[in-house]
Amino acid sequence: MTPLADLRVIDAATLFAGPSAAMMLGDFGADVIKIEHPRRGDPSRGHGASVDGVGLWWKTLSRNKRAAAVDLSRAEGQEILRRLVERSDVLVENFRPGTLERWGLAPGDLMDINPRLIVARMTGFGQFGPMAKQPGFGTLAEAMSGFAAMTGQPDGPPTLPPLALADGIAGLAMSYAVMVALRAREQSGRGQVIDMAIIEPILGLLGPQMSAFKALGVVPRRTGNRSSSNAPRNTYRTRDGRWLAISTSAQPIAERVVTLVGRPDLVEQPWFASGHGRVQHVDELDEAVASWIAERDADEVVARFEEVQAAIAPIYDVSDIAEDPQYAALDTFIEVPDEELGSVTMQNVLFRLSDTPGAVTWPGRRLGRDTDEVLGELAYGPEEITRLREDGVIA
């Protein structure tokens, strides 16, 4: 028995943040019903690499979800959602604030139907405030959070990540929020509304930047691959042209690194006793580490670091990840049978539970693949389903 097998989740969100939260619930057994527009589908179907027109990002993002195509802007589509809500535990949505209300599907109305419902609302800027009704994406969160301002080379422009970083962080946060709300429901018997703005969760990963600003007036600056809190920490090129990353967040690790590269004298300096102190002498530390690494091949450097138990890792691209023995040992990637492509390689469930592990049962499915099955469970008969399809309410 998977731990969430008794939950039904309606995923009426699009793109990445909300759907990724629903995906994580589905990984542990929740019955997730993905609602898409009958003609447009979820835009994420068209993002990233594809095989024969089938998006590979979609295959992971919508794994373990049943695919139902319903036009929620139509009255009959809204009635389908009401019937689903009556027998569901969670609704994940990311419509602009006011959209559900305009359709007669406000959280209060839905919770009148099912008082135990958790309504998980994921928007760019939250449900209120001056920007609430503006379109919001993870890119804007990465810009507004301070992430882009502190990312990149010191003499370069602010840098955005080449992936849906803020969306992914918000998805993780929302899956946690849903579980907290479900736990609260066990105590109160009532559901509730979760209001999550994508601009907020990423702030939690950027450290105490507001605390430092309010207390000291500190504004983080771009430091490239260096850290503003400890040193040495950077990427370094080896004699054979490979790149390695090291971190010295722990004091003993920093001592081992500089001793290994032939500068034990630095350990005796008063400023070496803290990460903050070492940052003030980062050029000297980087020069010592970089020159030592540049004289050796990558395999030798890694072996020497491992001998003294110092933290180091090669800079990988995906081809390296595919061959790495540690990822292989963890079963980080799995082959999943697929109706359209035969099979798809994707990342496994994010973590391992010893007694109730999650699982990937199927990848994202064709648009509307499970519509008839879902409506049948809601007591729609074959003739009514045919009529709804002919009218364009479902697909």
*Restricting the search to segment 305-332, which residues are surrounded by 10 or more Cβ atoms within 10 Å (Cβ to Cβ), in a helix (DSSP H, G or I) and among the aliphatic types (A, V, I, L, M)?*
321, 322, 328, 330
*Could you count how many residues in segment 132-170 are among the β-branched types (Val, Ile, Thr), outside any loop (DSSP other than H, G, I, E, B) and in contact (Cβ under 8 Å) with a residue 60 or more places away in the chain?*
0
*For segment 171-193, does any single residue satisfy the condition of being of a type in the set (S, T, N, Q), touching a Ser or Thr at 6+ places or on another chain (Cβ under 9 Å), part of a helix (DSSP H, G or I) and within 28 Å of residue 98 (Cα to Cα)?*
yes
*Any residue in segment 333-345 that is surrounded by 18 or more Cβ atoms within 10 Å (Cβ to Cβ) and more than 19 Å from residue 29 (Cα to Cα)?*
yes
*Would you point out the residue of segment 126-156, among those that are among the polar types (S, T, N, Q) and either touching a Ser or Thr at 6+ places or on another chain (Cβ under 7 Å) or modelled with pLDDT of 95 or more (or both), that is surrounded by the most Cβ atoms within 10 Å (Cβ to Cβ)?*
145
*Where in segment 229-303 are the helices (runs of 4 or more DSSP H), entirely inside, with at least 1 residues that are open to solvent by 40 Å² or more (accessible area, probe 1.4 Å), small (Gly, Ala, Ser) and out of contact with any Cys (no Cβ under 9 Å at 6 or more places or on another chain)?*
282-294
*Given the residues 349, 336, 360, which is the only one that is over 23 Å from residue 240 (Cα atoms), outside any loop (DSSP other than H, G, I, E, B) and touching a residue at least 40 places away in the same chain (Cβ under 8 Å)?*
336
*What residue, among those in segment 1-15 that are open to solvent by 10 Å² or more (accessible area, probe 1.4 Å) and among the aliphatic types (A, V, I, L, M), is farthest from residue 164 (Cα to Cα)?*
1
*Of the conditions (1) among the hydroxyl-bearing types (Ser, Thr, Tyr); (2) modelled with pLDDT of 95 or more; (3) under 25 Å from residue 156 (Cα atoms), residue 259 clears all except one; give me its number.*
(3)
_Test for residue 136: is it touching a strand residue (DSSP E or B) at 6+ places or on another chain (Cβ under 9 Å) and under 20 Å from residue 44 (Cα atoms)_ = yes
*For segment 158-209, which residues satisfy the criterion of being of a type in the set (D, E, K, R) and open to solvent by less than 50 Å² (accessible area, probe 1.4 Å)?*
167, 185
_What's the number of the only condition in (1) outside any loop (DSSP other than H, G, I, E, B); (2) under 19 Å from residue 288 (Cα atoms); (3) of a type in the set (Gly, Ala, Ser) that residue 215 fails to meet?_
(2)
*Of the residues 306, 340, which single one is at pLDDT 95 or above and more than 30 Å from residue 11 (Cα to Cα)?*
306
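The values are calculated or read from the model by the stated rules, or taken from the named source; none is laboratory data. The structure presented is a predicted model; accordingly, all values stated were derived computationally and were not measured. So basically every Cβ, Gly included, is an ideal-geometry build from the backbone, and we count neighbours across all protein chains shown. Just so you know, the surface numbers come from the protein's heavy atoms only, side chains and all, with ligands and any DNA or RNA stripped out. Shrake-Rupley method; radii C 1.70, N 1.55, O 1.52, S 1.80 Å.
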